[in-house]
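Step one of this worksheet: look at the structure below.
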Ligand SMILES: [Zn+2]
């Protein structure tokens, strides 16, 4: 479980893609117990005018409709600590662990995940943090909107 995991590399790649599209630079990747990537995606709120397409939701959506067994032992990689909505989705589908890039920019539902028996690992990625800092400096209003703040 580190920054060299294929799932983490994919999530970071998605975050950069989001930045290049003019969106909030957060990426995610859902990896099955056997290591297969089920779905990956990035935050699309700005690109799609969406209320719900955070990175983790995009990854789940791109993985498509799956039986509960597909999430068993799965890992959700995300470049930023998951918000309450994405925390809820991880709990709903009972992923085994959440590996996040950083929680300095934003601290989400990590304690809630742990209380529900989901393992949480922070890989403390300087790259994830720098990408968010750059975006927030450039577009503070868009960031506040993303986390439901005025
Ligand atoms: Zn979220």
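Of the listed requirements (1) without any contact (Cβ under 8 Å) to a residue 12 or more places away in the chain; (2) surrounded by 15 or more Cβ atoms within 10 Å (Cβ to Cβ), residue 137 misses just one: (2).
In this structure, residue 41 qualifies as more than 23 Å from residue 114 (Cα to Cα) and either without any contact (Cβ under 8 Å) to a residue 12 or more places away in the chain or within 12 Å of the ligand (Cβ to nearest atom) (or both).
A count restricted to the range 91-113 and to residues that are buried (at least 20 other Cβ atoms within 10 Å of the Cβ) and near the ligand (Cβ under 10 Å from one of its atoms) stands at 2.
Selection over the range 4-38 of residues that are in a loop (DSSP other than H, G, I, E, B), without any contact (Cβ under 8 Å) to a residue 40 or more places away in the chain and over 16 Å from residue 124 (Cα atoms) gives a count of 6. Figure legend. Inter-residue proximity from the range 105-127: first residues at positive phi, second residues crowded, with 16+ Cβ neighbours inside 10 Å and modelled with pLDDT of 95 or more, beta-carbon distance below 7 Å, spacing 6+ or different chains. Indicated pairs: 124/102.
Among the residues of the range 55-73, is there at least one that is closer than 22 Å to residue 134 by Cβ, in contact with a helix residue (DSSP H, G or I) (Cβ under 8 Å, 6 or more places away or on another chain), within 13 Å of the ligand (Cβ to nearest atom) and part of a loop (DSSP other than H, G, I, E, B)? No. Do we find that residue 79 is surrounded by fewer than 17 Cβ atoms within 10 Å (Cβ to Cβ), farther than 12 Å from residue 118 by Cβ and either within 13 Å of the ligand (Cβ to nearest atom) or free of Cβ contacts under 8 Å to residues at least 24 places away in the same chain (or both) in this structure? Judged against the criteria, residue 79 is not a match. Yes or no: residue 80 within 24 Å of residue 36 (Cβ to Cβ), in contact with a strand residue (DSSP E or B) (Cβ under 8 Å, 6 or more places away or on another chain) and in a loop (DSSP other than H, G, I, E, B)? Judged against the criteria, residue 80 is a match.
The values are calculated or read from the model by the stated rules, or taken from the named source; none is laboratory data. What you see is a predicted model, and the numbers here were worked out from it, not measured in a lab. All Cβ positions, glycine included, derive from the backbone under ideal geometry; neighbour counts span all protein chains shown.
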